[in-house]
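Trainee: One structure coming up, written as structure tokens, with questions to follow.
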Amino acid sequence: MVSDPRFGNGTLGDPARTESVPDLASAALACLGHLAIVLDHRGRILLFNQECERVTGYTAAEVQGSQLWDLIPEGPQAGSLRTLFVNLSPGLLPYRWESLLRNRRGDPRLISWTLTGVPAAGGQAVHVVAAGIDISERRWAEADLLRTNQVLRTLIDASPLAVSVLDVSGTVQIWSPAAERLFGWSRREVVGRLSPCVPEENREELLASLRRTLAGESLSGTEAVWHHKDGTAIDVEQWTAVLRGPQDEPESILFLVADIRSRKRAAEALRAGMQAVEAASHAKDHFLAVLSHELRTPLTPVLAAVSALEEDSSRFPGLRDTLTMIRRNVELEARLIDDLLDLTRISRGKLEIHRQPVDAQHILVHAVNICCAQEVAAGRLRLEMGLIPGDYRVLADGPRMTQVFWNLLNNAVKFTPSGGTIGVRSRVESEARGRFIAVEVSDTGIGIEPEMLPRIFDAFEQVDRRITRRFGGLGLGLALSKAILELHGGTLTAESGGRGHGSTFTVRLPVGDLVDLDDTGSGLTMDDWSAGAEPPERADRPLRILLVEDHADTAEAMAELLRGLDHQVRVAGSVSAGLAAAEAAMEEGGLDLLVSDLGLPDGNGLDLMRELSRRYGLKGIALSGYGMEEDIQKSLEAGFERHLTKPVSLQILRSAIQQAAG
Ligand code: ADP
């Protein structure tokens, strides 16, 4: 009996009137792998095999007596089937037809049917056998394939990249519209031919690369040159994929090709731009080096002369302070020039530091002496010192640390109005990262607005130019100091209560071995710092020195200075004169040291040093207005023991001479 409601109203089929199907036939249909339905001449279901039950989810009992079109979704297909049975005659069969079949869950299955007529037992009536194959999967796979093909076709047609497929022998199979546009060859001209974009002479190369690609080597991301129909070479970047046949055998190669001419032009322009920038930067460095040389040259004789006079101050007792003031100002000028060069070094990552164990507080006291003494002595500023007792060794570049403290103290003096106080304090801080000596330079001066605090460490940055211009300066000191401290593994920080509330700068440096020399004291006092400022006097060994310098004023002042240190000095103004003077000196008893300028009218001091070192094993000190690393390096390579940058302070010259002469 029919139990599904759709088949249960009795009007679709009348089981009482169905004719029987022989058992043998029904057994045969039962084991058939396809769908098989036996219908009577009105289309009523007599037999519904197991495959039908599996595909539709209905049992034979449920559909028995229903009409075939009841299993088909309402629509034209159901209508034409109904018509077929109304007019059924043997001439209309076999009837082939595809239809959707409703299954119990409502999923459509696509069935290909063949309806064949079978004479009913005993005579006229016709049974119809509907044999069906479920072609849903196949048809959907075909539909998928079709859709994929359409998508691929659209992709190939719309792709801005040229698409080409070459078979293993290099014959073009696919040639996209973008390829037509890029290379000028139409599809008709190219497909079926060896790729015309590779010139005859490069054919072998192409085939070899195809073979390598087929063997698994990827050309993806490689650059190549393909040719336009008019012969123009086109730079391209290509990506490849091997396309395989049904047995997984490599059949052809898909090429995606991008025109990279504009990219290459842009890269070329960028490279040229970079070169221009580098050249400009080099020119700037060169200009700064030459400028500083030219600025230093006139300072050299002034500093030398003043230093000589200072040494011999007993001759001018009333002038000592004036001479000191002149020397300090010349040194200040030289310092500004050095700052400019240092900035160039930092921007090129070439600032070098030479570390030695030094006493940080000793350096600090020395800098305080240089920067604050005058103002304090004149009663313009008060100084409060609060240094911890002891010898706090840091591994640092002494002159660079002097430069840092000098910058901070000079700023404190510069930005603090008369009557103000400058504080210099130190303490030891222990952190997880290690032990640091912290040096604080504070003032009660003009202060810094909070929003400007982070910017004061940028090169050329000055808080308020109208104010700071009054005080001079290039805005480089803090940038350099910070960079120097960072090279030492230290830090520089600034605090201020704002405009008019003073500033505090803190230097932190990692401390090495901590040796307390005096832990009974309560900190250094004014007396300590002024007493400790100058290095102890030391007798110099008189030497026979050849001074080669073409700048007459400098030569004269330097000679005077050296003679003031009890040395015998011969002066020459050129390489040839230097060689002659050395020869004469050797004949007259010998020569201990060469002190030579580098730029000389008939050659350079490097050649002179080489020659004198070769001839007499002479040692020397280079004295130059050029002070970049490469200049220093060249001097050392030529055989000079030291390279001093003009204008050189008396102390440095003195100790260099003693060291070099050895
Ligand atoms: P310079 O002093 O040559 O201008 P610096 O790099 O040493 O250059 O300082 C940068 C700026 O930071 C100064 O121009 C000033 O505006 C500010 N500054 C530095 N030190 C102090 C200070 N102690 N008090 C107030 N402002 C300061």
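Every read-out reported here was derived from the displayed coordinates using simple, explicitly stated rules and does not represent laboratory data. Note that the coordinates shown come from a computational prediction; the quantities given were computed from them, not determined experimentally. Methodologically, a virtual Cβ is constructed for each residue, glycine included, from the backbone with ideal geometry; neighbour enumeration extends over all protein chains shown.
Trainee: About the Cα centre, and with charges only on the beta carbon of Lys, Arg (+1) and Asp, Glu (-1), how big is the dipole of the chain? Nearest 20 debye, please.
Mentor: Working: 70 positive and 91 negative charges, 456 e Å.
Dipole size: approximately 2180 debye.
Trainee: Something else: Please give the length that would be gained between N202 and R610 if that part of the chain were fully extended, namely 0.36 nm times their separation in residues minus their C-alpha to C-alpha distance (nm, one decimal). If you can, show how the numbers build up before the last one.
Mentor: Numbers: separation 408, 0.36 × 408 = 146.88 nm, distance 5.73 nm.
Fully extending the segment from N202 to R610 adds 141.1 nm.
Trainee: Segment 149-208: Rg/Rh from Cα coordinates, Kirkwood Rh?
Mentor: On the way: Rg = 11.8 Å, Rh = 11.9 Å.
Result: Rg/Rh = 0.99.
Trainee: Short version: ³J(HN,Hα) in whole Hz for each residue of segment 480-485, in order, from phi by Karplus 6.51 cos²θ - 1.76 cosθ + 1.60 (θ = phi - 60°), x for Gly and Pro, what are they?
Mentor: 5, 4, 4, 4, 4, 5
Trainee: Next question. Please compute the Kirkwood hydrodynamic radius of segment 393-443 from all pairs of different C-alpha atoms, in Å with one decimal.
Mentor: 12.6 Å
Trainee: Explain nothing, just the number: relative contact order of the chain, from Cα pairs under 8 Å at least 6 residues apart, as a whole percent. Walk me through the numbers before you get to the answer.
Mentor: Working: 1147 pairs, mean separation 53.7, N = 662.
Once divided by the residue count of the chain, the mean separation gives 8 percent.
Trainee: May I ask for the angle, rounded to the nearest 10°, between helix 552-564 and the longest principal axis of the chain, with both axes built from Cα atoms and the value confined to 0 to 90°?
Mentor: 60 degrees
Trainee: Stokes-Einstein diffusion coefficient for segment 263-365 at 25 °C in a medium of 0.890 mPa s, Rh from the Kirkwood formula over Cα pairs: what value in µm²/s?
Mentor: Working: Rh = 17.6 Å.
Taking Rh from Cα pairs, D becomes 140 µm²/s.
Trainee: Considering only G497, Q659, Q356, whose Cα is most displaced toward the positive end of the charge dipole of the chain, charges sitting on Cβ of Lys, Arg (+1) and Asp, Glu (-1)?
Mentor: Of G497, Q659, Q356, it is G497.
Trainee: Which far-off residues, 5 or more places away or on another chain, put their amide H under 5 Å from the one on V128, with H placed in the peptide plane?
Mentor: L39, D40, V118
Trainee: Sticking with this one: For segment 628-639, just list the computed ³J(HN,Hα) in residue order, Karplus coefficients 6.51, -1.76 and 1.60, θ = phi - 60°, integers in Hz, with x standing in for Gly and Pro.
Mentor: Calculated HN-Hα couplings, in order: 6, 3, 5, 5, 5, 4, 4, 4, 5, 5, 6, x Hz.
Trainee: Around E556, what is the net charge, scoring Lys/Arg as +1 and Asp/Glu as -1 over all other residues with Cβ under 13 Å from its Cβ?
Mentor: On the way: positive: R563; negative: E549, D550, D553, E560.
So the surrounding residues net to -3.
Trainee: Which order, highest average first, do 434-445, 158-169 follow once you tally other Cβ atoms within 10 Å for each residue and take the mean per peptide?
Mentor: Numbers: 434-445: 20.2, 158-169: 17.1.
By packing density, highest mean first, the sequence is 434-445, 158-169.
Trainee: Continuing with this model, one more query. Amide H of L600 versus every other amide H placed in the peptide plane: which residues, excluding those fewer than 5 positions away on the same chain, fall under 5 Å?
Mentor: G605
Trainee: Please report how many Lys pairs in the chain have alpha carbons closer than 28 angstrom, counting only residues at least 8 apart along the chain or sitting on separate chains.
Mentor: Lysine pairs meeting the criterion: 15.
Trainee: When the convex hull of the Cα atoms of the chain is projected onto a plane and the area is averaged over all directions, what value comes out in nm²?
Mentor: Details: hull surface 234.9 nm².
Averaging across all directions leaves 58.7 nm² for the Cα convex hull.
Trainee: To the nearest 10 degrees, how steeply does helix 136-158 sit against the main Cα axis of the chain, on a 0 to 90 scale?
Mentor: Long axis of 136-158 versus the principal axis of the chain: about 40 degrees.
Trainee: If packing is taken as the mean number of other Cβ atoms within 10 Å per residue, what is the order of 254-264, 30-40, highest first?
Mentor: Listed from highest to lowest mean packing, they are 30-40, 254-264.
Trainee: When DSSP beta bridges are limited to those with both residues in segment 572-662, what percentage is antiparallel, rounded to the nearest 5? Write down the numbers at each step before the final one.
Mentor: Working: 2 of 10 bridges.
About 20 percent, rounded to the nearest 5.
Trainee: To continue, here is another question. What ranking do 397-405, 289-297, 132-140 get when scored by the average of other Cβ atoms within 10 Å per residue, highest first? Write out the running numbers ahead of the final one.
Mentor: On the way: 397-405: 21.2, 289-297: 17.3, 132-140: 15.0.
Per-residue mean Cβ counts within 10 Å order the peptides as 397-405, 289-297, 132-140.
Trainee: Further, regarding this structure: What is the sum of charges around L319, taking Lys and Arg as +1, Asp and Glu as -1, for the other residues whose C-beta is under 15 Å from the C-beta of L319? Could the numbers behind the result be given before it?
Mentor: Working: positive: R315, R320, R327, R328; negative: E310, E311, D312, D321.
That works out to 0.
Trainee: At 7 Å along the Cα-to-beta-carbon direction for both N87 and R153, put a label point, then send me their distance in nm to one decimal.
Mentor: In this crude spin-label approximation the distance works out to 3.7 nm.
Trainee: Angle check, please: helix 360-377 long axis (alpha carbons) against the longest principal axis of the chain (alpha carbons), in degrees 0 to 90, nearest 10.
Mentor: That works out to roughly 60 degrees.
Trainee: What is the local net charge at R610, summed over the other residues whose Cβ is closer than 14 Å to its Cβ (Lys, Arg +1; Asp, Glu -1)? Please list the in-between numbers first.
Mentor: On the way: positive: R614, R615, K619, K634; negative: D607, E611, E637, E641.
Local net charge: 0.
Trainee: Further, regarding this structure: First measure r as the distance between the Cβ atoms of H354 and A266, then evaluate 1/(1 + (r/R0)^6) with R0 = 41 Å and state the FRET efficiency to the nearest 0.05. If you can, show how the numbers build up before the last one.
Mentor: Working: r = 44 Å, r/R0 = 1.08.
Result of the calculation: an efficiency of 0.40.
Trainee: What dipole magnitude, in Debye to the nearest 20, does segment 61-117 give about its Cα centre under +1 on Lys/Arg Cβ and -1 on Asp/Glu Cβ? Mind dumping the intermediate values first?
Mentor: Details: 6 positive and 5 negative charges, 17 e Å.
So the magnitude is around 80 debye.
Trainee: Go through I135, P94, Q247 and say which Cα lies farthest out towards the positive end of the charge dipole of the chain; charges sit on Cβ, +1 for Lys and Arg, -1 for Asp and Glu.
Mentor: P94
Trainee: Taking the Cα centroid of segment 421-447 and of segment 135-193, what is the distance between the two, rounded to the nearest whole Å?
Mentor: Result: 75 Å between the Cα centres.
Trainee: If one computes the Cα centroid of segment 263-287 and of segment 577-634, what distance in Å separates the two points?
Mentor: The distance from the Cα centre of segment 263-287 to that of segment 577-634 comes to 38 Å.
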